[in-house]
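S.K.: Before we start, here is the structure in question, set down as structure tokens.
The values are calculated or read from the model by the stated rules, or taken from the named source; none is laboratory data. Since this is a predicted model, take the numbers as computed values, not measurements. Here Cβ is always computed from backbone atoms with ideal geometry, including for glycine, and neighbour counts include all displayed protein chains. The accessibility values were calculated without ligands, DNA or RNA, using every heavy atom of the protein model including side chains. Shrake-Rupley method; radii C 1.70, N 1.55, O 1.52, S 1.80 Å.
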Amino acid sequence: IFSSSNALGSVPHREIFLAGHSLTLDNVSTYLEGSSGSLGGLGGTEKELLPTIYAGGYPGTAVGAGASLVLQNSNSETMFQGIYLGHGTEGDQKVPYSGGAVLAMDCPVIVRDGVYSRENNAAGISVTGNGYAKTKMFYGNANTTLTVKQASLEKAVVEQVGKIVLDDNAYLALQTADLNHVSLKNNACLDLNGIPDPVVKGGFEGGNGLLVLNAQGMLDIKGTVTGTTTVQTSYRNIAGTISHGKVYITAVPGQAVAKNFVLSQKHAENGFSLVYKQGQWTAYRNYQDVLRIGSIEAVNASGTVDLNRIWQKTDENLFCDVVWRDAGGAVIGEDVVEDEGLYDTGYVVAIRTDYWESEDPDVLAKVDWYNQIFLISSDTRPGRYHFLAEEGAQAGDYTFLFCSEWIENELMTVADVKALKETVGASMQVRFTFSPESTEKPDPPQPEEKPDAPAPEEKPTAPPVHVHQYVEQVTREATCTNKGIRTYRCSGCNDSYTREIPVTAHQAVTDPAKEATCTEIGKTQGSHCAVCGTVIQAQQTLPKKEHRLETQVKRATLKADGSIASVCRECGMVSGKSVISRPKTIKLSTDSFVYNGQQRKPSVKVTDKNGKVIDSRNYTVSYGNHKNVGNAVATVRFKGNYEGTLKKTFTIVPKTTSLKLTSKKKSFTVKWKKQGTQTDGYIIEYSTSSRFTKKTTGSVKVANKNVTSKTVKKVKGNKKYYVRICTYKIVRVNGKKITLRSEWSKTRTVRTGK
């Protein structure tokens, strides 16, 4: 029992020191009532007398290096003011602690001021047990890991914790958005509904967990995303509303894949799916997105490739360049190429060239057609792919086939590969060799050339009688500023005398004229002396010219903003510049039409990244598959100040019909008006509830559009039933069959006979 209080102005001391060692509190009660309880006579003002735990030591004590606290089998009176796994001297000369620390606690534990591990170089905190945890505030650093198993934490505050691990049906509902690394697995739930736009600064590790987001917000992940996580809005137990076309999660392109996040079953039953494109997961209703490759260009392929240079590595000089275009001719972006793996073995096949070109039945049955050589995207140049040879790679002539559709069937024989011929958009031939190592040797060194031997010295002869022979030499040139000197020296006895050379005229040099520009002044032609620099004809200054401005437009693309600027044609000076925000969103006047035999064309509104509407003069709109029942598409092709193409799908559903009901004994007959156009059949629903709840509703499918009546049997007698009907049609999208229904008819009622 800790009975210290602040009565009579005293400083309370209710502290437990781990001293860097381990402590286990098993079913320990630490609560003591304050002034209104057992110590009321002392005049204290505290309502509770609770201890505080410090990982370090009491002043002057020795401290270990492994602080550990276990709180187990706790009860409603296992209460603390605060737990400090790391701390300084705290003003009263405590022995500080910053080493590794471990805290394990169960749900009933109450820590009023929270758990602190900001000072630790490593800290592991775990909250376990069934039920709602009473401690909800945790303050850590990048070296802190908070693990929650089975327990539920609502309205929790978790700040600066390096990693949050939710496992084994754990539930964590946060009030703050200070998230670093998150691990969510084994039916655990992270509830971020209370945070409109949360940010995860690190990675997000999924593993069969549930993520709850704000219906109007968006989660932004800065690190790598792994695993698969289910997503829904608003509530943990009941999925909230979801908006068609809204981005709910963003991540760094290249550090995430589509399967990382999927919608909950409730959202999926309502026709929604979560579509991943270029780092964004967007919710769509009745979404059908099909990547259609229009053409493929494979160029600049290395003709001969030495397998020694690409054996389990790539060589920057051995490559091919590939461009994929969609059905409209637009280049498919690098993010889509990477996400879809268009250069991987699902789309690209390497076959022996002689097999590919042969129609011999024996060759068609061969199974040794392939080679263990693959394409790897370049890290530095988009659209470039390097060769990589793995174990089993063979030398020989091979043809790479680039297919416009995913290769669904297993390729066993040459005949299987040849069956892909209609989908081959491009091909290239490469010869693979195993080159021997170089055996060239350097040329042997040549012998050094020896210099010629010096000629033998000649013996001098006796000098003749001396006669002066003077030689003239200019020893100082005359200039335009100084006289020169001419020296006469006897070649025999070195006797000499000098004479002056008069000054010369200035040596005029032209100073060329310089035309004035909009950035520099000009000058007229002049001249000066090349020797002394004297100005002979002075140059005159010409003033700067006016800038020659013209409007330059950089078109906005789907990935980057554009601009409009006034630029000088002479110097490039920019005078005024405005941004053209990149296009981002297409919104249709409606996402669904009822078939009427006419082409359906919803109106289109295009907005940029800031939500501003883009003038329709900057794009054209075309429609495809927009008459019959199925998924239609509106294509926006930009022009003017924009470039690129955006698409938006909408649905054309069958026309509905009307019904009449006739009561019978423990049954009733449904008759309806035939809808024979763009219809495959009818679906009848009947229910004892006007709301057609799942448990009270049955259905009958009539798979013949020409049938116009159906008797519903095996229903209760003398019972009122609500009945409605719709038409349906089965269409094929991306090779898969989907069923599109009309709207429900007007609900009618019938009471069955006894």
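S.K.: What number of residues within segment 205-228 are open to solvent by 60 Å² or more (accessible area, probe 1.4 Å) and assigned to a loop (DSSP other than H, G, I, E, B)?
M.R.: The first filter runs over segment 205-228 and keeps only residues open to solvent by 60 Å² or more (accessible area, probe 1.4 Å), leaving 205, 208, 216, 218, 222, 224, 226.
Cutting the leftovers down to assigned to a loop (DSSP other than H, G, I, E, B) gives us 208, 216, 218, 222, 224.
Final tally of qualifying residues: 5.
S.K.: Find all pairs meeting these conditions: Cβ atoms under 9 angstrom apart; at least six residues apart or on different chains; first residue within segment 338-349 and surrounded by 14 or more Cβ atoms within 10 Å (Cβ to Cβ); second residue among the basic types (Lys, Arg).
M.R.: Close Cβ pairs (under 9 Å, with a partner that is among the basic types (Lys, Arg)) amount to 339/277.
S.K.: More than 27 Å from residue 286 (Cβ to Cβ), in contact with a strand residue (DSSP E or B) (Cβ under 7 Å, 6 or more places away or on another chain) and in contact (Cβ under 8 Å) with a residue 60 or more places away in the chain: is that true of residue 748 in this structure? Steps first, answer last, please.
M.R.: Details: more than 27 Å from residue 286 (Cβ to Cβ): yes; in contact with a strand residue (DSSP E or B) (Cβ under 7 Å, 6 or more places away or on another chain): yes; in contact (Cβ under 8 Å) with a residue 60 or more places away in the chain: yes.
Yes; evaluated as a whole, the condition is true for this residue.
S.K.: With segment 593-701 as the region, which strands (runs of 3 or more DSSP E) entirely inside it contain at least 1 residues that are touching a residue at least 60 places away in the same chain (Cβ under 8 Å)? Break it down into steps so the answer makes sense when it comes.
M.R.: On the way: elements: 604-608, 619-624, 630-638, 645-653, 659-664, 667-672, 681-687.
Passing ranges, in order: 630-638, 645-653, 659-664, 667-672.
S.K.: Give me the pairs, please: first residue somewhere in segment 713-738 and under 23 Å from residue 686 (Cβ atoms), second residue anywhere and aromatic (Phe, Trp, Tyr) and in a loop (DSSP other than H, G, I, E, B), beta-carbon distance under 7 Å, and either six or more positions apart or on two chains.
M.R.: 722/692; 724/744; 726/744
S.K.: Which residue pairs have Cβ atoms closer than 7 Å, lie 6 or more positions apart in sequence or on different chains, and pair a first residue in segment 419-430 that is closer than 16 Å to residue 407 by Cα with a second residue that is open to solvent by 40 Å² or more (accessible area, probe 1.4 Å)?
M.R.: Hits for this filter: 423/405; 425/295; 426/297.
S.K.: Looking at (1) open to solvent by less than 20 Å² (accessible area, probe 1.4 Å); (2) closer than 21 Å to residue 580 by Cα; (3) not hydrophobic (A, V, I, L, M, F, W, C), which is the only condition residue 611 fails?
M.R.: Going through the list (1) open to solvent by less than 20 Å² (accessible area, probe 1.4 Å); (2) closer than 21 Å to residue 580 by Cα; (3) not hydrophobic (A, V, I, L, M, F, W, C), residue 611 breaks only (1).
S.K.: What's the total number of residues in segment 537-555 that are closer than 28 Å to residue 479 by Cβ and either open to solvent by 90 Å² or more (accessible area, probe 1.4 Å) or out of contact with any strand residue (DSSP E or B) (no Cβ under 8 Å at 6 or more places or on another chain) (or both)?
M.R.: Quick first cut of segment 537-555, residues closer than 28 Å to residue 479 by Cβ only: 537-539.
Restricting the remaining residues to those that are either open to solvent by 90 Å² or more (accessible area, probe 1.4 Å) or out of contact with any strand residue (DSSP E or B) (no Cβ under 8 Å at 6 or more places or on another chain) (or both) gives 537.
Summing the residues that are closer than 28 Å to residue 479 by Cβ and either open to solvent by 90 Å² or more (accessible area, probe 1.4 Å) or out of contact with any strand residue (DSSP E or B) (no Cβ under 8 Å at 6 or more places or on another chain) (or both) in segment 537-555 gives 1.
S.K.: Still on this model: Just for segment 296-331: of the residues that are touching a Lys or Arg at 6+ places or on another chain (Cβ under 9 Å), in a strand (DSSP E or B) and under 18 Å from residue 394 (Cβ atoms), which one is most open to solvent (accessible area, probe 1.4 Å)?
M.R.: 304
S.K.: Of the conditions (1) open to solvent by less than 20 Å² (accessible area, probe 1.4 Å); (2) touching a strand residue (DSSP E or B) at 6+ places or on another chain (Cβ under 6 Å); (3) farther than 24 Å from residue 645 by Cβ, residue 376 clears all except one; give me its number.
M.R.: With (1) open to solvent by less than 20 Å² (accessible area, probe 1.4 Å); (2) touching a strand residue (DSSP E or B) at 6+ places or on another chain (Cβ under 6 Å); (3) farther than 24 Å from residue 645 by Cβ applied to residue 376, the lone miss is (1).
S.K.: I'd like to check something: does segment 633-647 contain any residue that is aliphatic (A, V, I, L, M), open to solvent by 40 Å² or more (accessible area, probe 1.4 Å) and either touching a Phe, Trp or Tyr at 6+ places or on another chain (Cβ under 8 Å) or closer than 27 Å to residue 564 by Cβ (or both)? If you could, list the steps in order and put the result at the bottom.
M.R.: Of all residues in segment 633-647, those aliphatic (A, V, I, L, M) come to 633-634, 636, 646.
Keeping just the survivors that are open to solvent by 40 Å² or more (accessible area, probe 1.4 Å) gives none.
No, that holds for no residue.
S.K.: Look at residue 46 and say whether it is of a type outside the set (Lys, Arg), open to solvent by 60 Å² or more (accessible area, probe 1.4 Å) and modelled with pLDDT under 95. So that I can check it myself, show each step before the final result.
M.R.: Details: of a type outside the set (Lys, Arg): yes; open to solvent by 60 Å² or more (accessible area, probe 1.4 Å): no; modelled with pLDDT under 95: yes.
In short, no.
S.K.: In segment 562-571, which residue that is touching a residue at least 40 places away in the same chain (Cβ under 8 Å) and part of a loop (DSSP other than H, G, I, E, B) is most open to solvent (accessible area, probe 1.4 Å)? Step through it out loud before you land on a result.
M.R.: At the first step, the residues of segment 562-571 found to be touching a residue at least 40 places away in the same chain (Cβ under 8 Å) are 562, 564, 568, 570-571.
Within this subset, residues satisfying the condition of being part of a loop (DSSP other than H, G, I, E, B) are 570-571.
Values: 570: 112, 571: 56 Å².
Restricting to residues being touching a residue at least 40 places away in the same chain (Cβ under 8 Å) and part of a loop (DSSP other than H, G, I, E, B), the top hit is 570.
S.K.: Taking segment 159-191 only, how many residues are more than 15 Å from residue 261 (Cα to Cα), open to solvent by less than 10 Å² (accessible area, probe 1.4 Å) and part of a loop (DSSP other than H, G, I, E, B)?
M.R.: Total meeting the criteria: 2.
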